[in-house]
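*Asks:* One structure coming up, written as structure tokens, with questions to follow.
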Amino acid sequence: MSPEVLEAREQARQWLQARSVAYAQRLDDLTRSEDEKVALAAVLAALDRSIGRPPAAQEDRDALAAAARPAWLDSLGRSEIVAIARKALVSAGAQTVDAVPTGGE
């Protein structure tokens with residue numbers, strides 16, 4: 001990054017830091033708003049900044065899928081995976097396996 005960009009970032013950081021106490025006090029005031037929507041939004045914003053946002057649902061699904069994926073699966077080629085899938089479909093009583101990709105390796 002150029003020195004000008006780095007300097008601008010530092011100035012912005014200092015500017016925000018100087019105002020952070022006032023912003024936190026204002027956010028705290030908003031958590032006690034009579035308007036429930038305003039109070040809820042302020043509470044959520046305060047929680048996001050204090051304990052962090054919860055992971056996105058997709059991240060949760062990806063983590064679960066990765067944890068459930070057997071390690072030996074990574075060592076198989078496409079044709080071996082297709083063969084296993086076809087065998088599973090046939091043993092499950094599937095009528096057709098046309099949807100399983102063919103060809104490749």
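Here, each number is a calculation from the coordinates, and none is a lab measurement. Since this is a predicted model, take the numbers as computed values, not measurements. Note that we place each Cβ from the backbone using ideal geometry, even for glycine, and neighbour counts take in every protein chain shown.
*Asks:* For the range 3-50, what is the convex hull volume of the alpha-carbon atoms per residue, in Å³? Numbers along the way, then the final one.
*Replies:* Details: hull volume 3.8 nm³, N = 48.
Convex hull volume per residue, Cα atoms: 79 Å³.
*Asks:* Taking the simple approach of a point 7 Å from Cα along Cα-to-Cβ for both ARG78 and ASP29, what is their distance in nm?
*Replies:* 6.2 nm
*Asks:* I would also like to ask the following. May I ask for the distance between the Cα centers of the range 66-89 and the range 17-58, given as a whole number of Å?
*Replies:* So the separation of the two Cα centres works out to 46 Å.
*Asks:* Here's something else I'd like to know. Within 10 Å of each candidate Cβ there may be at most 10 other Cβ atoms; applying that plus a DSSP loop requirement, which GluC sites (Glu not before Pro) in the range 1-83 survive?
*Replies:* On the way: sites: GLU4, GLU7, GLU10, GLU34, GLU36, GLU59, GLU80; in loops: GLU34.
Passing both the DSSP loop test and the Cβ count: GLU34.
*Asks:* Please sort 13-20, 42-49, 64-71 by packing, taking for each peptide the average over its residues of neighbouring beta carbons within 10 angstrom, highest first. Could you put the intermediate results ahead of the total?
*Replies:* Numbers: 13-20: 9.6, 42-49: 13.6, 64-71: 8.1.
The packing order, highest mean first, is 42-49, 13-20, 64-71.
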